[in-house]
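In what follows, a single structure is set out as structure tokens and then discussed.
The values are calculated or read from the model by the stated rules, or taken from the named source; none is laboratory data. Here the structure is a predicted model, which is why all the values come from computation and not from measurement. As a convention, Cβ positions derive from the backbone with ideal geometry for all residues, glycine included, and neighbour counts pool all protein chains shown. Protein only, heavy atoms only, side chains kept; ligands, DNA and RNA dropped before computing areas. Shrake-Rupley method; radii C 1.70, N 1.55, O 1.52, S 1.80 Å.
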Amino acid sequence: QKTAFPRSQTLGYKNGFAFSRLPGGRLSGNQLSAAALDEFSNLRPTLTYGPAKRPPPSGFLPAHVALDKKILKFDAYFQEDVPLSAEEHYRIRQVGIYYYLEDDSMSVIEPAVKNSGLPQGKLVKRHRVPKNDRGDHYHWKDLNRGINITMYGRTYRIVNCDPFTQVFLESQGIELNPPEDMALDPYTELRQVPLRKYITPSDFDQLKQFLNYDKQVLRFYATWGDTDNPSGDSRPSIIHYYLADDTVEVREVYRPNDGRDPFPVLIKRQRLPKTFVDKKKTFPSCVLEISDQEVLEWYTAKDFAVGKSTTLLGRTFFIYDCDEFTRNFYRDKFGITDFQPVEIKKKPLQEIPRVIPPYNGFGTLEDSLQNCLSLFPKPPRKDIFKMLENNHKVLRYEVALESPNPVDRKRRFILSYFLSNDTISIYEPPTRNSGIIGGKYLEKSRVAKPGSTTEHATYYGPSDLTIGSTIEVFGRRFVITDADEYVLNYMESNAERFPTAVLQSLRDHFHSRQVAKEAANRAIPTLGASKQELDEFIMQAQEELKLHQHLDKKNIQEAFLQCDKDGSGTLDKATFLGLCESLSVPTNTTLLSK
């Protein structure tokens, strides 16, 4: 019966903010009944927190969600013809067929094989594969074990499937055929090398032996008795037995100057056979490697003992001692306590006397002797201190040749004795119109005394060179007639090195020469001329000689010095006139009369 229905404003703005208003009047149509109030009184949590979330109903799930990542896998193969090969006529290629349940698509994948030379991998990409020409596609109901399916002209034989595929097909009520064996490629099987099988005996463990005896070696000292050979001898060797793998190594002991090449090992580390299996005589055992089939027994640690001989690869070794570790091992392992070393008797070396051949005259004795002492001769060792101390010290003597020939008796030589290396050289001053070419008569060399041998050679020294003594130089005899004043000064400064008789002979010689000079000097005033007059006479004689330029002054001087034997510097008048006449020197009677 109500005719007015006023509707008040419930939204407004205050201070720029929106807010809601309650209706200004009460509406009788919005009042709740008693039953509604009772219902709301029992639903207080719902009013406070809102209605509870209900679980989703078990409704329909799409296939791409229910069957996501669910794949059926079948093992299959196909046969491929090989027309251009003499080794194979067909080829078997193994593949995997995958069926994706979410969208009924299929793919064919061939596992990659190394060095096959074939394009492998994905043969058919993932898509719905057509079944026939009517537009039908393959379904999982069309797949089973032991059947052939054709895809794009290629026939695949399905032989097996994985467990998930088997459970899925059986759950869908499909009866599976029994699985078949996968066909193998005959050419691949022909080229495949069979795997080597290692069978470890149950009563022996090589790994345990290696772990227990690693780096443990038995050492035996032995000799290889090659004494049957006339030129052979006993060679010392060391035998190593490695407990880790039962191998044997033999090393030869080398000594300095034994004349043998130092090879590292005599027998390399290896297992040595002890007893061979009986074989036919025609079996070529020398060109085949030794294996367990040819050997009946190998050498072990119990085959080696001190004081016994062992034959290794045809060589007989006599073991005479071992080290301390080997003794302890045999004592603990085999209970052996007898390790008395055996004394090895060595043959005394026959001493061969060294025979020095006679001296052949070439070179010096010391230099020739070095060729007999070594294959590569070395120069004789020199006294360096003596050479440095007596460097440039030379003793000079005047010697005359002793000969029945009167021409040779007039020849004069200069003998030089070098104190640095005890060598002698002889020089002959050239003389004009003598018919003899002067110069070097003997080069520097050591001169042996007469009667000395090559074994006990004695050489001339300063003590043997006295005034008036005779020395023999390679078959020639020389008489010492004079000496240099340096000889007397040197011997007097080193008087302890020389005999007294040598010094006295030199002193007497130089004293007599000094006396002669003094006598000549005293005789000049007795002629009735003073020193000033003598000097004037010499100047006049020189002026007279300048007038004759054709004269050889050097030859004249050598002739006058040769005639002055006593070294006094004076000549008698007859000798002087004879020399002037022989040398074509003009004589002034006026000067001679003075």
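Of all lysines in the structure, the ones whose alpha carbon falls short of 20 Å from that of LYS565, not counting any fewer than 8 places away in one chain, are LYS410, LYS517, LYS553, LYS554, LYS573.
Could you do me a favour and compute the accessible area per residue for the chain, 1.4 Å probe, result in Å²?
Numbers: 43910 Å² over 594 residues.
The answer is 74 Å² per residue.
Rank-order 153-160, 192-199, 307-314 by packing density, defined as the average count of other C-beta atoms within 10 Å over each peptide's residues, highest first.
Working: 153-160: 16.0, 192-199: 5.8, 307-314: 13.1.
Ranked from most to least packed, the peptides come out as 153-160, 307-314, 192-199.
Remind me, relative contact order of the chain in percent, using alpha carbon pairs under 8 angstrom and six or more residues apart?
On the way: 723 pairs, mean separation 30.0, N = 594.
RCO, the chain: 5 percent.
In square nanometres and to one decimal, what's the mean projected area of the convex hull around the Cα atoms of region 159-202?
On the way: hull surface 24.9 nm².
Projected over every direction and averaged, the Cα hull of region 159-202 covers 6.2 nm².
Tell me, what does the Kirkwood hydrodynamic radius of the chain come to in angstroms if you use every pair of distinct C-alpha atoms?
On the way: mean 1/r = 0.0232 Å⁻¹.
Computed over the chain, the radius equals 43.0 Å.
The accessible surface of the chain, taken with every protein chain in place and a 1.4 Å probe, is 53 percent carbon and sulfur.
With N set to the number of residues, divide the alpha-carbon radius of gyration of region 63-188 by 2.2 N^0.38 Å and report two decimals. The partial results should precede the final answer.
Details: Rg = 15.7 Å, N = 126, 2.2 N^0.38 = 13.8 Å.
So region 63-188 has a normalised radius of gyration of 1.13.
What is region 206-334 by shape, rounded, prolate or oblate, if you read a ≥ b ≥ c off the alpha carbon gyration tensor as root eigenvalues and call it rounded for a/c under 1.5, prolate for a/b larger than b/c, and oblate otherwise? Oblate, since a/c reaches 1.5 and b/c is not below a/b. Taking a straight line from the alpha carbon of LYS378, these aspartates and glutamates sit under 20 Å away, with near neighbours fewer than eight places off in the same chain left out: GLU366, ASP367, GLU455. Helical content of the chain, expressed as a calculated mean residue ellipticity at 222 nm, amounts to -7000 deg cm²/dmol (DSSP H runs of 4 or more residues, -39,500 (n - 2.57) each, divided by residue number, nearest 500). For the peptides 509-518, 58-67, residues were scored by their other Cβ atoms within 10 Å and the scores averaged per peptide; the highest-first order is 509-518, 58-67.
Can you give me the relative contact order of region 63-188 as a percent, contacts being Cα pairs under 8 Å and 6 or more apart?
Working: 227 pairs, mean separation 31.9, N = 126.
Reported relative contact order: 25 percent.
Shape summary of region 395-440, radius of gyration then Dmax from alpha carbon positions: 12.0, 37 Å.
For region 379-521, what class follows from the C-alpha gyration tensor (a ≥ b ≥ c being the square roots of its eigenvalues): rounded when a/c is under 1.5, otherwise prolate if a/b is larger than b/c, else oblate? Kindly include the intermediate steps, with their values, before the conclusion.
Values: a/c = 1.69, a/b = 1.12, b/c = 1.50.
The shape class here is oblate.
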